[in-house]
Structures are given as structure tokens and as C-alpha cells.
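Q: Submitted below is the structure of interest, expressed as C-alpha cells.
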Amino acid sequence: MRFLPALTRVAALGAAAVLAATGLTACGDDGATSEAANPYGLLRPGVLRAGTLTDAPPNVYLKDGKFTGFDNDLLVAVAAKAGLKVEFVGTDFSALLSQVNNHKFDVGSSSITITEARKKTVDFGNGYDFGYFGLDVPAGSPITGFDQLAGKRVVVVQGTVQDDYATGKGLDPVRVPDYNGALNQLKAGTADAWIAPAEIGEKSAADSAGKITVAAKQLSPAPTAYAVAKGNDKLRAALDKGLDEVIADGTWTRLQAQYYPGRPIPADFTPGSGTVTTPAPSASATS
């Protein structure tokens, strides 16, 4: 009987060791479970929170209270391939990239042209579209080309590649936070020209009841892509994989025909990774 306390102490120590090991295993399981439930580090598991714009048709805009447009419809299809739903939130373009990198949004969707400067703030997936610069002017303007803008009052949306272009050309542009602001400047006659994404400029001119015309357009120097926070390689890879899948199944081609009917695709542009074949548009899609 006098050996019982020692045995009891040994048994207690053994039990404590087992409990400690169990606790460590449980913690490890919690971490693995958490990562399995949210492998892409999203703000909400299973939901891709996307920052976008409300006023830039046909690329990104609100219609009947729903976010739509080529970029956003494509993102919904891409996300579905990864088993994700998309929650869109409107913002200003000038704030979008910093909001993505600060994790206010999981992804930025707004025809974002890839540039070296922007790569310092966010990471980009593979390119999904190309674009043109458009030059919108008031009806009756003598301006017919980009080479006639010196000394003119030129409006751009702050932070866009059109802003970069105008600044690089020494035009000292008037910067506004959104596309409606630029359009209103033209309508009011307080700007001589607006450098815009061509598709957005063409749609705005068509909806202006003859007050605005497109004077010229030229090919943008780089593709557009979705933006994710720096270092979120898992999400970027999942979006790239989903993009290739919607290219292969014809969704990308269908949306191109829907939102940009008749727009030719440059011979040197290939969407996605370049490893999948882009189906030709069907007769119904192009009619």
C-alpha cells in the first residue's frame, strides 16, 4: 500500500501527457478544418466579395438593381467553377485596388488594365479581355483625334489607365471619381473631351440623345484582369483555372458577343492562360 501514491503520481502524469497530446491534435484539426472550409482566405467562406462600379456599361454597371456587365457576368461564371457565389459591392475606381489589398474586397472587377505600377498594390490573374481608349467629345466638336488634345480641357476618371495616358501626354487632365462625372462634364460643356474605355464611351454616346459623339479610338496597351490581394496565390490560381474553364465551354465567347456585338478580337490577344481553345461564336450569338 505504501507504493500506491507513487503509482498514482505516475498514472496522473501519464494521463496529463495523453490530454496534452489530445489538445495539440485538436488544435491542429481546428486549423485544418478552418483552411478546408475557407481555402481561399475569403472574407466569408464560399462567397467572393467583389468590388466593382455601378456606372460603366457595358463592362460593369447596375441594371434594375443588379450588378451586371461583361466583367461581372464573367466573374460569376468563373467563380461558379470554384464553387463560389459572388457578392458585388459598388465603389469608386480610384479606391478599388487599395480596398482589394486591404481585404475590404476579395477581388476587384472593373476592366482593370494590368500595369507595372498597379502590380505594386495588387496581384492580377490572367487577362480576360482587351480594350480600346475612346475619345468622346460634345456633338459638333472640331476634335477628331487624340493628337488634338493639347491645350484642351480633358476629363478622365481618376486612377484609370486613361488618366495615366493623359498625364503622360502632358494634358493636365481634369480628374473625376466616376464615369457619370466625366459624362456630365461633357454634357454641361465644361470639358472639351473625355478619354474613356472605348466600349463605355460608345455606350454613353449612344445614350446621350445626340449630345456626345465618339471622335476616335485606339487599342489599349495591355489586357484587363481581376485583381486580388498581394500574396493570395490560392484565390488567384482558382480564378485563373475557372477562367480557362469558361473559355473552353464557350461562356467567354457568348458574353463577348452579348456585350460587344461586332467587336473584332485582335489577332495577338488570347484570353486566359493561352492553353485552351476559344470556341468561335455561334450564329445565334452573333445575330
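Q: Hey, does region 116-131 have a residue that's within 15 Å of LEU53 (Cα to Cα), of a type outside the set (Asp, Glu), surrounded by 16 or more Cβ atoms within 10 Å (Cβ to Cβ) and in contact with a Lys or Arg (Cβ under 7 Å, 6 or more places away or on another chain)?
A: So far as region 116-131 goes, no, none of its residues is within 15 Å of LEU53 (Cα to Cα), of a type outside the set (Asp, Glu), surrounded by 16 or more Cβ atoms within 10 Å (Cβ to Cβ) and in contact with a Lys or Arg (Cβ under 7 Å, 6 or more places away or on another chain).
Q: From ALA150, ALA139, ALA166, ALA117, grab the single residue that is out of contact with any strand residue (DSSP E or B) (no Cβ under 9 Å at 6 or more places or on another chain) and over 18 Å from SER98 (Cα atoms). It would help to see each step written out before you state the result.
A: Working: ALA139 fails: out of contact with any strand residue (DSSP E or B) (no Cβ under 9 Å at 6 or more places or on another chain); ALA166 fails: out of contact with any strand residue (DSSP E or B) (no Cβ under 9 Å at 6 or more places or on another chain); ALA117 fails: over 18 Å from SER98 (Cα atoms).
Just one listed residue meets the conditions, ALA150.
Q: Quick one: how many residues across region 161-206 are farther than 21 Å from SER110 by Cα, open to solvent by 20 Å² or more (accessible area, probe 1.4 Å) and in a loop (DSSP other than H, G, I, E, B)?
A: Of the residues in region 161-206, 7 are farther than 21 Å from SER110 by Cα, open to solvent by 20 Å² or more (accessible area, probe 1.4 Å) and in a loop (DSSP other than H, G, I, E, B).
Q: Another one. Quick one: ASP92 ticks every box in (1) out of contact with any Gly (no Cβ under 7 Å at 6 or more places or on another chain); (2) in contact (Cβ under 8 Å) with a residue 60 or more places away in the chain; (3) open to solvent by less than 60 Å² (accessible area, probe 1.4 Å) bar one, so which box is it?
A: Failed condition: (3).
Q: Might you check whether a residue that is assigned to a loop (DSSP other than H, G, I, E, B), over 17 Å from the mean Cα position of the chain (by Cα) and surrounded by fewer than 19 Cβ atoms within 10 Å (Cβ to Cβ) occurs anywhere in region 95-107? Steps first, answer last, please.
A: The first filter runs over region 95-107 and keeps only residues assigned to a loop (DSSP other than H, G, I, E, B), leaving 102-106.
With the extra rule that they be over 17 Å from the mean Cα position of the chain (by Cα), the set shrinks to none.
Among the residues of region 95-107, not one is assigned to a loop (DSSP other than H, G, I, E, B), over 17 Å from the mean Cα position of the chain (by Cα) and surrounded by fewer than 19 Cβ atoms within 10 Å (Cβ to Cβ), which makes the answer no.
Q: Another question, if that's okay. Is it the case, given these coordinates, that GLY41 is on the phi > 0 side of the Ramachandran plot, modelled with pLDDT of 55 or more and not in a helix (DSSP H, G or I)? Break it down into steps so the answer makes sense when it comes.
A: Numbers: on the phi > 0 side of the Ramachandran plot: yes; modelled with pLDDT of 55 or more: yes; not in a helix (DSSP H, G or I): yes.
So GLY41 fits the description; yes.
Q: Does LYS234 count as among the basic types (Lys, Arg) and more than 22 Å from the chain's Cα centre (by Cα)?
A: Considered against the rule, which asks whether it is among the basic types (Lys, Arg) and more than 22 Å from the chain's Cα centre (by Cα), LYS234 comes out as no.
Q: When you go through (1) touching a helix residue (DSSP H, G or I) at 6+ places or on another chain (Cβ under 9 Å); (2) modelled with pLDDT of 95 or more; (3) surrounded by 19 or more Cβ atoms within 10 Å (Cβ to Cβ); (4) within 23 Å of ILE112 (Cβ to Cβ) one by one for ALA215, which number turns out not to apply?
A: Unmet condition: (4).
Q: So, one more: Only one of ALA166, ALA193 is small (Gly, Ala, Ser) and in contact (Cβ under 8 Å) with a residue 40 or more places away in the chain. Can you tell me which?
A: Matching residue, one of ALA166, ALA193: ALA193.
Q: Which condition breaks for GLY170 when tested against (1) closer than 21 Å to PRO57 by Cα; (2) modelled with pLDDT of 95 or more?
A: (1)
Q: State all residues of region 142-151 that are open to solvent by 20 Å² or more (accessible area, probe 1.4 Å), within 20 Å of TYR132 (Cβ to Cβ) and either in a loop (DSSP other than H, G, I, E, B) or of a type in the set (A, V, I, L, M) (or both); if no residue qualifies, say none.
A: THR144
Q: Suppose we filter region 218-232 for residues that are open to solvent by less than 20 Å² (accessible area, probe 1.4 Å) and over 16 Å from TYR165 (Cβ atoms); how many remain?
A: Of the residues in that region, 5 qualify.
Q: For region 132-141, name all the residues that are of a type in the set (A, V, I, L, M) and open to solvent by 10 Å² or more (accessible area, probe 1.4 Å).
A: Listed by number, the list holds a single entry, ALA139.
The values are calculated or read from the model by the stated rules, or taken from the named source; none is laboratory data. All of these numbers come straight from a predicted model, not from anything done at the bench. We place every Cβ from the backbone using ideal geometry, glycine too, and count neighbours over all the protein chains shown. These area figures cover heavy atoms from the full protein model, side chains too; ligands, DNA and RNA do not enter into them. Shrake-Rupley method; radii C 1.70, N 1.55, O 1.52, S 1.80 Å.
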